[in-house]
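Reviewing the structure listed below.
The values are calculated or read from the model by the stated rules, or taken from the named source; none is laboratory data. Fair warning: this is a prediction, and the values are worked out from it, not measured in the lab. Because the Cβ atoms are built from the backbone with ideal geometry, glycine has one as well, and the counts that use them run over all protein chains shown. Quick note on the areas: whole protein, heavy atoms, side chains included, nothing else; ligands and nucleic acids left out. Shrake-Rupley method; radii C 1.70, N 1.55, O 1.52, S 1.80 Å.
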Amino acid sequence: MENLIITAAICGAEVTKNQNPNVPYTVDEIINEANLAYKAGASIIHLHVRENDGTPTQDYHIFKKCIDGIKECCKDVIIQPSTGGAVGMSNDERLSPLKLKPEIATLDCGTLNFGKDEIFLNTQNTIIYFAEKMQQLNIKPEIEVFDKGMIDTALRLLKNGTLKSPLKFNFVLGVPGGINASLRDLAFLVGSIPFDSVYTVTGIGRHQFNMATIAIASGGHVRVGFEDNLYIKRGILASSNADMVKKVVHIANILGRNIATPNEARKILNIKEEN
Ligand code: KMH
Ligand code: ZN
């Protein structure tokens, strides 16, 4: 099996310090969490940023400060900014981190109920607009899949040339409104993508480590972090993203799967190696 790529989704846009005081908000906190996750074994940092009070933002300058700081302490790590941002942001706001020419960025491939009255809106035109921007800038899209139809949308874009092979998917299972975090549904997603694709599995909340274990055992890759889950085990808050990354490394060790370095991850993802 390929070495395991661990992505750390260190803060997200929705979780708050009220839920877990260790969720990073400030630039320094975000850089520190990225560094701890990297040292623990993460080769990709999935990055959202916040105002100092925790408000989610796609502000270019805050992204730049975080990315510059992360690159300083984690020299070879892959930084993957979010173009999902937070519910309600405009398309151009969401695209702002692409100006920093990251190697990879998220591409959300469909609309989703996102709790209460919130709708995470990704129309066909939005998806095409984002995918074309990424292609122009030579940024690898990571296709975010919250439901099966989002794979089908990506495959249509592959067919008409808006996306290029090999595709990289992130299956997010367990968002209320999206696909369930079950073995049956994960197998359905994995069986629906082209054979040369790479996929990461993200289990939401209490599903995080079960889904991670299935992915590790079956050749997928894993995402963990505060964006998706606040607990290291039932009833115990995680003290940092590194706690969760270490737990994944431990499970991988038990199952005999090696951990990918960032440059190994670049090879697996078909991203040009950094000098
Ligand atoms: N915060 C969610 C609305 C992504 O990063 O591309 C969207 C999200 C997906 O987190
Ligand atoms: Zn995200």
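Structure summary
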read-out: Local electrostatic count, GLU29, Cβ distance below 13 Å [Lys/Arg +1, Asp/Glu -1]; value: -1
read-out: Per-residue ³J(HN,Hα) for region 19-29, Karplus 6.51 cos²θ - 1.76 cosθ + 1.60, θ = phi - 60°, Hz, x for Gly and Pro; value: 7, 7, x, 8, 5, x, 10, 6, 4, 5, 5
read-out: 5 angstrom amide H check on TYR231, placed H, neighbours 5+ away; value: ALA238
read-out: Separation between Cα centres of region 191-262 and region 24-75, rounded to whole Å; value: 20 Å
read-out: Positive-end residue, region 227-273 charge dipole about Cα centroid, Cβ charges, pick of ASN263, ASN253, ASN241; value: ASN253
read-out: Nonlocal amide H pairs with THR200, under 5 Å, H built at 1.01 Å; value: PHE169, ASN170, PHE171, HIS221
read-out: Dipole magnitude of the chain, debye to nearest 20 (Cβ charges: Lys/Arg +1, Asp/Glu -1, about Cα centre); value: 600 debye
read-out: Assigned charges on the beta-carbon of Lys, Arg, Asp, Glu; region 1-80 dipole about Cα centre (debye); value: 100 debye
read-out: Accessible carbon and sulfur surface of region 69-154 relative to its total accessible area, %, 1.4 Å; value: 48 percent
read-out: FRET E, pair THR261, ASN210, Förster distance 25 Å, beta-carbon r, rounded to 0.05; value: 0.45
read-out: Relative contact order of the chain, defined on C-alpha pairs under 8 angstrom at six or more residues apart (%); value: 23 percent
read-out: The chain, helix-only ellipticity at 222 nm - DSSP H runs n ≥ 4, -39,500 (n - 2.57), divided by all residues, nearest 500; value: -11000 deg cm²/dmol
read-out: Stretch gain in nm, segment ILE254-LYS272, where the contour uses 0.36 nm per residue and the Cα spacing is subtracted; value: 3.4 nm
read-out: Net length gained if the chain between ASP92 and ILE119 were fully extended (0.36 nm per residue, minus Cα distance); value: 7.9 nm
read-out: Among ASN20, TYR60, ILE78 the positive-end extreme of the charge dipole of the chain (Cβ point charges); value: ILE78
read-out: Computed magnitude of the charge dipole of region 102-193 (debye, nearest 20; Cβ of K, R +1, Cβ of D, E -1); value: 300 debye
read-out: Heavy-atom surface of the chain, accessible at 1.4 Å and reported per residue (Å²); value: 44 Å²
